[in-house]
Amino acid sequence: MSVVTVEQIGFRYNSHWVLKDISFDIRKGEFLGIIGPNGSGKTTLLKVINGILKPEEGEIRINGISSKKMKRAAMAKLIAVVAQDFHMTFPFSVHEVVLMGRAPHLNKWRFEGETDFHIAHEALEMTDTLHLINRSVSALSGGEYQRVMIARALAQQPQIMLLDEPTAFLDIKHQVDFFDLIKKLNMNQELTVVTITHDINLAALYCDRIIMLRDGRMQCEGNPDDVVTKENIMKVYETAVAVDKSLETGRPRITLLSSHPSKEAGASPALPR
Amino acid sequence: MLKYFLLFFVLLLPVLILSGKKSKINRVVTAGRVAGVGSLLLAVVFIVALTSLFFGSSDIDASSIFQWLISGGNGAGTGLSDTDETILFSIRLPRIIFAGIVGGALAAAGVVFQGLLRNPLADPYILGISGGAAVGALTALMLGILPLGVSGSAFLGAIVTIVLVYGIAKTKNELQSTTLLLAGVIVNAFFSAVIMFLISTASDKSLHNAMFWLMGDLSLAEWREIALAGLFLILGFLIIFTYARHLNLMAISEETAKQLGVNVEQTKIILLLAASLITGVAVSVSGIIGFVGLIVPHMMRILLGSDHRMLLPASILFGSSFLIVADTFARNLIAPAELPVGVITALCGAPYFIYLLRRKA
């Protein structure tokens with residue numbers, strides 16, 4: 001069953017078409033990856049899906065309802081976003097930031113009530129950030145910050161979570177921690193996840209399905225085995241890679257190839273003493 | 001001398017109480033907490049206002065003023081002469097109320113501009129409203145040909161500036177904060193040049209008035225203007241407070257606010273217009289009083305956190321007390337002459353701010 005239907009989407013900044021003729025379904029409970037080189041339209045596509053940008057052509061339907069007919073607050077109850085912004089001017093506390101996730105559920109005059117505190121508390125627990133509750137967000141490490149952002153997104157109680165390169169600034173431990181957490185929520189809470197990433201190996205490891213964009217068009221879509229191939233990557237990224245199947249995960253894995261590799265460790269000549 | 005210290009202590013009191021009370025646990029803003037802090041700060045406004053009635057260049061017996069206050073402004077049997085009563089009721093009281101309103105208005109506008117532009121250095125004058133108002137006021141002061149009077153021309157100047165800056169910054173369907181800031185800076189620079197021109201061609205007599213206006217002058221208070229400024233402040237507060245939770249989201253980023261369901265462009269325009277109008281009115285009736293709109297929001301943020309539902313009312317009330325005290329000093333320190341109140345706000349505001357900043361670190 002599809003939660004989001006993307007139909008014949010076209011979007012342009014001025015005269016430059018950033019997205020053209022994009023159609024696909026996002027199925028309920030799936031983990032969808034969107035990959036493609038810089039400037040291929042990934043982030044624009046995500047913004048069109050959650051209604052921040054209005055498409056020039058085509059339409060987005062969420063649970064069968066056209067996004068044009070949805071108010072921003074209604075959209076925010078269905079879709080949450082975790083991006084990579086890492087700058088706050090004012091020192092809000094973690095608790096305050098997570099409670100902000102309740103915004104679409106409150107009217108202007110209302111303060112957060114017991115229910116909201118309870119939901120925020122649960123979100124903090126799920127993301128293992130409860131101990132940070134009184135810290136200022138500007139005092140968090142990159143990994144902690146992104147977990148707090150997930151907590152805020154969870155407090156929205158969305159059906160769909162959109163991730164825009166959420167692990168771009170994280171080390172490998174925190175990348176894996178982050179996606180393990182998302183995968184857990186994806187499986188246990190039936191949360192539909194759409195993520196943009198530059199890390200093709202991460203996409204292949206976690207996603208049920210991958211869409212590959214090139215110059216604002218869909219190059220291909222399918223399960224990781226079908227999409228992550230030497231040929232597709234050569235065509236889309238214009239980069240030579242080797243692709244094999246990881247013995248440990250059973251997922252496709254790419255290895256970058258350089259035309260100027262460093263000399264093999266064993267073959268390097270010993271320095272004169 | 002003692003009463004100066006007393007006044008200053010009363011002003012410091014809420015800061016001491018709030019910084020002492022700030023518990024580490026669960027400091028999320030609730031309606032109850034806003035009401036609590038609000039009533040504390042409101043009480044301080046009243047105490048400060050009443051205390052500052054005792055200050056003035058004409059020597060009125062303190063115990064008589066006290067009796068006059070207790071009897072609810074009834075002069076009979078308190079030993080106050082008619083002149084004394086006129087001084088208290090028609091000179092000191094309106095000026096105190098006026099200072100309170102202007103201080104609150106500047107602090108409110110500062111809160112909005114800082115939050116909305118995500119710029120801790122923003123103050124009510126950042127969009128050039130003060131420059132436009134100053135050109136209007138100085139033109140009226142020096143040429144005396146405008147039928148609107150000084151504050152009327154200043155307000156006209158402020159409105160023209162608001163329209164101008166927003167016109168420059170607005171593109172097809174959005175108002176970008178950075179463009180807005182730049183437009184404000186440019187317009188301000190232009191008006192500064194006009195102000196310099198006006199001043200350099202001014203006669204000696206109008207020069208003194210002009211300088212006073214430029215540094216903030218609360219002696220222009222008349223009941224009509226006070227009522228108008230008060231009305232604008234209350235309306236502005238209601239509008240801004242309605243959008244205070246949205247302002248929290250926008251203070252993080254406009255992208256975040258959009259993702260969390262805020263109609264960003266609409267909210268931004270409403271908040272900016274409300275803050276601009278409040279500033280415009282405040283500047284037109286009192287001149288350019290610096291520092292209040294910059295430091296009061298910062299003080300309250302350090303003490304109470306960044307949530308605008310708390311920050312806005314707290315800043316308005318503390319801004320009121322702050323300017324009442326500053327103006328009391330301004331009109332008494334070198335009595336019978338007066339200092340521009342802007343001199344006082346900057347002189348005591350800056351070190352106080354540094355203290356708060358250091359204490360936090």
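Bear in mind that the values in this text are calculations on the coordinates, not laboratory data. No experiment lies behind these values; they were computed from the predicted model shown. Note that we place each Cβ from the backbone using ideal geometry, even for glycine, and neighbour counts take in every protein chain shown.
Viscosity 0.890 mPa s, temperature 25 °C: give me the Stokes-Einstein translational D for the stretch B:117-250 in µm²/s, with Rh taken as the Kirkwood radius over C-alpha pairs.
149
Set the Förster radius R0 to 45 Å, insert the Cβ-Cβ distance between A:Asn63 and A:Lys108 as r into 1/(1 + (r/R0)^6), and round the FRET efficiency to 0.05.
Efficiency, rounded to the nearest 0.05: 0.95.
Taking the Cα-to-Cβ direction at B:Lys205 and at B:Leu13 and moving 7 Å from each Cα, how far apart do the two end points lie in nm?
Taking the simple label geometry, B:Lys205 and B:Leu13 are separated by 4.6 nm.
Kirkwood hydrodynamic radius, computed over distinct alpha-carbon pairs, for the protein assembly as shown: how many Å, to one decimal?
27.8
In terms of Cα to Cα distance under 13 Å, which aspartates and glutamates are near enough to A:Lys183, apart from those fewer than 8 places away along the same chain?
Cross-link targets: A:Glu30, A:Asp208.
All other residues with a Cβ under 11 Å from the Cβ of A:Val137 taken together, and with Lys, Arg as +1 and Asp, Glu as -1, what is their net charge?
Neighbourhood net charge equals 0.
Can you tell me how much longer the chain between B:Ile234 and B:Glu255 gets when fully stretched, taken as 0.36 nm per residue apart minus their C-alpha distance, in nm with one decimal?
4.5 nm
Of A:His131, A:His95, A:His105, which is the most mobile in a GNM of chain A whose springs link Cα atoms less than 10 angstrom apart?
A:His131
Can you work out D for the stretch A:2-224 in µm² s⁻¹ from Stokes-Einstein, where Rh is the Kirkwood radius over C-alpha pairs, the temperature is 4 °C and the viscosity is 1.567 mPa s?
Calculated translational D: 72 µm²/s.
Give, rounded to the nearest 20 debye, the magnitude of the charge dipole that the protein assembly as shown has about its Cα centre when Lys and Arg contribute +1 at Cβ and Asp and Glu contribute -1 at Cβ.
420
What is the fewest-to-most order of A:Met218, B:Met300, A:Met126 by other Cβ atoms lying within 10 Å of their Cβ?
Lowest count first: A:Met126, A:Met218, B:Met300.
Can you order the peptides B:107-113, B:117-123 by their average number of other Cβ atoms within 10 Å per residue, highest first?
The peptides rank, most packed first, as B:107-113, B:117-123.
Measuring from label point to label point, each 7 Å out along Cα→Cβ, what is the A:Ser138 to A:Thr249 span in nm?
So the label points at A:Ser138 and A:Thr249 sit 3.7 nm apart.
Provide the FRET efficiency to the nearest 0.05 for the B:Leu175-B:Leu121 pair, computing r from the beta carbons and using R0 = 22 Å.
Once rounded, the FRET efficiency stands at 0.65.
Please work out the C-alpha center-to-center distance from the stretch B:132-181 to the stretch A:185-263 and express it in whole Å.
56
Given the options B:Phe9, B:Tyr243, B:Gly103, identify the residue whose Cα lies farthest towards the positive end of the charge dipole of the protein assembly as shown (+1 on Cβ of Lys, Arg; -1 on Cβ of Asp, Glu).
Checking the options against the dipole of the protein assembly as shown, the answer is B:Tyr243.
Please tell me which of these pairs span more than 22 angstrom C-alpha to C-alpha: B:Lys172/B:Lys258; A:Lys54/A:Lys108; A:Lys28/A:Lys173; A:Lys28/A:Lys184; A:Lys54/B:Lys258?
Going by Cα-Cα distance, A:Lys54/A:Lys108; A:Lys28/A:Lys173 fall outside the 22 Å limit.
From the backbone phi of the stretch A:138-152, what are the Karplus-calculated ³J(HN,Hα) couplings (6.51 cos²θ - 1.76 cosθ + 1.60, θ = phi - 60°) in whole Hz, Gly and Pro given as x?
6, 9, 8, 7, x, x, 4, 4, 5, 5, 5, 5, 5, 4, 4
Semi-axes of the equivalent ellipsoid of chain B: what are they in whole Å, largest first, if each equals the square root of 5 times a C-alpha gyration tensor eigenvalue?
Details: eigenvalues 215, 156, 56 Å².
Ellipsoid half-lengths, sorted descending, are 33, 28, 17 Å.
Got a sec? How would A:Asp164, B:Asp204, B:Asp61 order by Cβ neighbour count within 10 Å, fewest to most?
Sorted ascending by nearby Cβ count, the order is B:Asp204, B:Asp61, A:Asp164.
Amide H to amide H, which residues 5 or more places from A:Ile34 or on other chains are under 5 Å from it, using H placed in the peptide plane?
Those lying under 5 Å, H to H, from A:Ile34 are A:Thr195, A:Ile196, A:Thr197, A:Ile211.
Considering amide H positions built from the backbone, and no H for Pro or chain starts, which residues 5 or more places from A:Arg27, or on another chain, come under 5 Å of its amide H?
Amide H to amide H, under 5 Å and 5 or more residues apart or across chains, A:Arg27 pairs with A:Val3.
Any idea what the relative contact order of chain B is, in percent, if you count C-alpha pairs under 8 Å spaced at least 6 apart?
Relative contact order comes out at 28 percent.
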